[in-house]
Amino acid sequence: MVEDVEGAPLAGIGVLVTRPAHQAEPLCRLIEAGGGRAIRFPVLEILDPADRGPLLALIDRLDTFDLAIFISPNAVTKTLNLLLGRRALPAGLRIAAIGRGSARELERAGVRADIVPPRPFNTEALLATPQMQAAAVAGRRVVIFRGEGGRELLGDELRRRGAQVEYAEAYRRGRPDADVGRLLRHWARGELQIVTVTSGEGLRNLFELVGKLGRQWLRRTPLAVVGERTAALARELGCREAVLVAAEASDEALVAAVAEWRRGSRA
């Protein structure tokens, strides 16, 4: 077990962090600041597109669009790494970020998001903003920067509202090599009390990576997830313990969900 630090909200628990390795440290620091132990086990790897040609071609004609929407921080990072070394953002292009994480990544690059939806910072929240209603988007040209194989809801609904929409595939997801034996030892020694997962694809990868024995442990371990769809998938996959849904897609909200579960387990 993790050493119990008196008064700390996560005292005495080990928390599995499944974010991609390059994005995991802020969440790990929050867990450790709360007295918990962060156990790093990335289940996704963020890769460049297999063919960057279509993305580069779209970047070159950004002047033809009225609005650019960034689906995730990875979409921001992968796009701007190419774009800012190639050209400037068009002066008249409006920028939307689905979540605060994406907005922060834009700010780090010196780009301000014109549109950021309120909580829960998802596609549905963005579609509910005044700037995305039919009167505002009809006849407008919209580009959506996302990962390969993302949801179609946003583009489909904007087209229904009269916008002309194109997708730009800025990255693809892979399954990293993983030290499964080390993870199983954490479970066997009682060092892992709760798992955090930030996407349905990440949850599926985790189930695949841990093998038959690991799936038995996983189904008996509480989960803190981002979004009701991932929670539903967890139940579909046979998770029998608590499945907690963070209030929003942020590290802070995940840690708050874990802390709330910890308070309940102590009670």
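Summary table below
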quantity	calculated
Considering residues of the stretch 192-224 that are surrounded by fewer than 23 Cβ atoms within 10 Å (Cβ to Cβ) and among the hydroxyl-bearing types (Ser, Thr, Tyr) only, the residue nearest to the chain's Cα centre (by Cα)	199
Qualifying residue in the stretch 135-143 (condition: under 24 Å from residue 247 (Cβ atoms) and touching a strand residue (DSSP E or B) at 6+ places or on another chain (Cβ under 8 Å))	no
Members of the stretch 238-256 found to be aliphatic (A, V, I, L, M) and either closer than 15 Å to residue 26 by Cα or crowded, with 22+ Cβ neighbours inside 10 Å (or both), listed by number	246, 249, 253, 254, 255, 256
Yes/no for residue 230 being surrounded by 20 or more Cβ atoms within 10 Å (Cβ to Cβ), without any contact (Cβ under 8 Å) to a residue 60 or more places away in the chain and within 24 Å of residue 150 (Cα to Cα)	yes
The stretch 146-172 - residue that is of a type in the set (Lys, Arg) and touching a helix residue (DSSP H, G or I) at 6+ places or on another chain (Cβ under 6 Å) and, of those, farthest from residue 58 (Cα to Cα)	161
Filter result for residue 19 (part of a loop (DSSP other than H, G, I, E, B), in the same structural domain as residue 199 (by TED's automatic domain parsing) and of a type outside the set (S, T, N, Q))	yes
First in the stretch 184-210 and within 27 Å of residue 74 (Cβ to Cβ), second anywhere and assigned to a helix (DSSP H, G or I) and among the small types (Gly, Ala, Ser), Cβ under 7 Å, 6 or more apart	203/234
Condition check for residue 39: assigned to a strand (DSSP E or B), surrounded by 16 or more Cβ atoms within 10 Å (Cβ to Cβ) and under 13 Å from the mean Cα position of the chain (by Cα)	no
Unique residue being surrounded by fewer than 19 Cβ atoms within 10 Å (Cβ to Cβ) and either under 15 Å from the mean Cα position of the chain (by Cα) or aliphatic (A, V, I, L, M) (or both) when the list is 83, 89	89
Residue satisfying all of: in the stretch 174-190; touching a strand residue (DSSP E or B) at 6+ places or on another chain (Cβ under 6 Å) and not in a loop (DSSP other than H, G, I, E, B); nearest to residue 262 (Cα to Cα) among these	186
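The values are calculated or read from the model by the stated rules, or taken from the named source; none is laboratory data. On a predicted model such as this, the values are computed, not experimentally measured, just so you know. Neighbour counts are summed over all protein chains in view; Cβ atoms, including those assigned to glycine, are modelled from backbone coordinates with ideal geometry.
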